[in-house]
Each structure stands twice: as C-alpha cells, then as structure tokens.
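Take a look at the structure below.
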Amino acid sequence: MLTEITAARDAALVEIEVADALDHIAALTTRLAGKKGELSLLKRQLGSLDTVEAKKAAGQAINEAIAAVGEALDQRRRLLTMEMLAARVEAERLDLTEFVGKPSRGHAHLVTQAWERLEDVFIGLGFRVAEGPEVETDWHNFEALNMGEGHPARGEFDTLFVDHVPPGGKPGTTLLRTHTSPVQIRTMLNSEPPIYIVAPGRVFRRDTPDATHMPVFHQIEGLVVDRGITMADLAGTIEAFTKAFFGSGFTSRLRPSYFPFTEPSAEFDIQRPNGDWIELGGCGMVHPNVLRAGGIDPEEWSGFAFGFGIDRMAKERHGVEDIREMYTNDIRFLEQF
Ligand code: FA5
C-alpha cells in the first residue's frame, strides 16, 4: 500500500508541475487534494490492511502525501498568478520610449523670430517699441492719415469692417486695422517729440491668399519726428537697418512712390549679394496734415515714416517659396527654422 501511496503522490506532483494555467490548477485541486480526491479515496482501502501499525503507517503516509500535494498546488498557483499579472502589465504597458532621451522643446514661429529680431535691431538703432489696437477707428486708420472719406487710396486697402457702432459714432467706422500706420497717430497724440518708435503688429485685409499675400499678416511701422529731419535721415536709417538685419552684403534703395500719408513717398527695396532686388515696404516724409492730426506743428517739426511686411521679410530671409507655407502648422516645415 505504501508503494501505491508514493506512486499516487509522485504522479500528482508531476501533473502539478506541468500545469500551465490557473483553471488547470483549480481542476487538479479538486481531483487530487479534495475530500473525494484520489489520495483521500486511498483511505478507504485502509480497512483491508492487516495490522494496526500498518493502518497507522499507511494513514500517516496518505496524510503526508495530501499535505505535499496541497503545498505543491499552492506554490504552483502563486507562480502562475505572478506570471499572469506580469503578462498583463506587459500587455498594458504604454510605450513611452519615443519620449525618452529626446528633448521635445518647441521654438518660436519664424514670423515671431523675425518680429523679435526686428525689435532688437531697431532698439539698437535708438528706437523704442510702441503698440496700438488691432480693432481701429476709421479716423485713426484712414482719416488722420490724410485719407478722408471717399479718398481713392482707401480702395487699395481691402478693409474688413467690424459690426460695432461706437457711442455717438456712425455705423461702418470700426474696422480691423489694414496697416500699422494708425500707431503713428496714436503715438503722436500720446507723446511729445522727439519721437523714435517702431510698432510691429498684426494687420488684416480682404486679400485672397497666394504665394505673397495673406489676409492676416504682420507689419512693422517706424516713425521719427524731430527737428530738421530730412529724406537723407530716412535713407540712412533704412540702409543701417538693412545691413544690421540682413547682413553687410545687402544694400537698399528708395524708389519714388505714392502714399497719402507721406510726401514725398518711396518704396524701399533691398539688394541681395547675388544682385536681386526685393521690394520690402513703403516710406516717406510724414505729410504735414498727418503731423497736424497728431497734434504736432509741421512748422517746427518734421519726420519720416516707414512700414513693411514682417512675413515677407521672414519669407525672403529663409528663402520660403510660398508665404502660405508659414501658416499651415506643418511641424516638418516649421522645425526647419
Ligand atoms: C502700407 O501698408 C503702408 N502703411 C506702408 C507705409 C508706412 C508707407 C509708412 C509709408 C509710410 P502697403 O500696402 O504697400 O503699405 O504694405 C506694406 C507692406 O506690407 C508690403 O510692402 C508688403 O511687404 C506687406 N503686405 C501687404 N499686403 C500683404 C499681404 N496681403 N500679405 C503679406 N504681406 C503684405
């Protein structure tokens, strides 16, 4: 009988050893170690043994075998439970490797970079930075800039109007500023000459987007009002700025043009080291009517102003083909700058 018990125990231990799932262990627990399990059933045969000693020895052997099998089942259950949990953790683990070891700091947009560099260059030339609102009055955007009601030049600015009537005002006189020039007026009204300011900012026009136009873009305005300011000061400032911003290989020129708020007026172009000319913006001597609208006596003071497109400058500086690319928010494009 002892041989039979040992054989049953060893067979049970082997079965437990190879069980590879928790429900398999549960089934083995019932079959091997339960009250009606194979080992317990052996007890029924104890009656057939001849001596009390033999019965005692066999009974004890059966109990030890049941305990050994029970212990083996516990151990195997613990192991399989741990393996199952480890497998689940592994399956549900988030793969964070792409975030490890790769610093993912962003950087300023190329138009913001150009804007900040322009401020730096002009501050270096002795200018201060001024600001004005994006929602403007017709008076600041046009009237005070020598473009009275019905002035044909108004038509060149495809204006976006805001559905707002100011207290005591007329409908259709609130608009999104079409250029940064109204900051000239606000600065003259708020401060005494001498004035040396630049005003970078966002402007709006009903322009259809194409390779060189956006309906929302950025300009930087410059205004100088002092005693004895001449066109030579304007040309010298533009040239100093061109070299400081683009590099010593670049040069500038003024070409006669027309703006209602400057007289005389000019377009200014810059020349690349390869000889190409690029148009950057407009400029001129501040019109006496504009100085008057700003509360400044044109007999005592004179000044110059300029305004150009920041987006176009960023485009030229980085050799971007199409201005629209700068606003598609494509990280592969933006990352290059
Ligand atoms: C003006 O807006 C004048 N206020 C500039 C000025 C200021 C002249 C002071 C004299 C004295 P203009 O409409 O040409 O001018 O615009 C100036 C620059 O803005 C252009 O040369 C161009 O670089 C840029 N620009 C104009 N329209 C767009 C557009 N839709 N998208 C991107 N850039 C534009």
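The values are calculated or read from the model by the stated rules, or taken from the named source; none is laboratory data. Please read these numbers as outputs of a predicted model, since none were measured by experiment. Here the Cβ positions follow ideal geometry from the backbone for every residue, glycine too, while neighbour counts run over all protein chains shown.
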Inset, instruction - For Met285, indicate whether it is part of a helix (DSSP H, G or I) and either under 19 Å from Ile197 (Cβ atoms) or within 13 Å of the ligand (Cβ to nearest atom) (or both). - result: no
Inset, instruction - Determine, yes or no, whether Asp20 is touching a residue at least 24 places away in the same chain (Cβ under 8 Å) and acidic (Asp, Glu). - result: yes
Legend entry - Unique residue being surrounded by fewer than 17 Cβ atoms within 10 Å (Cβ to Cβ) and without any contact (Cβ under 8 Å) to a residue 12 or more places away in the chain when the list is Pro264, Pro209, Pro256: Pro256
Inset, instruction - Please work out which residue is farthest from the ligand (Cβ to nearest atom), limiting yourself to the range 306-337 and to residues that are out of contact with any Phe, Trp or Tyr (no Cβ under 9 Å at 6 or more places or on another chain) and among the β-branched types (Val, Ile, Thr). - result: Ile331
Inset, instruction - Only one of these is in contact with a helix residue (DSSP H, G or I) (Cβ under 8 Å, 6 or more places away or on another chain), surrounded by fewer than 22 Cβ atoms within 10 Å (Cβ to Cβ), of a type outside the set (Gly, Ala, Ser) and assigned by TED's automatic domain parsing to the domain that holds Asp210: Thr230, Thr251. Name it. - result: Thr251
Inset, instruction - Would you confirm whether any residue within the range 220-239 is polar (S, T, N, Q), in contact (Cβ under 8 Å) with a residue 24 or more places away in the chain, touching a strand residue (DSSP E or B) at 6+ places or on another chain (Cβ under 6 Å) and closer than 30 Å to Thr112 by Cα? - result: no
Legend entry - Every residue from the range 26-67 that is among the small types (Gly, Ala, Ser), more than 11 Å from Ala8 (Cβ to Cβ) and over 60 Å from the mean Cα position of the chain (by Cα): Ala33, Gly34, Gly47, Ser48, Ala54, Ala57, Ala58, Gly59, Ala67
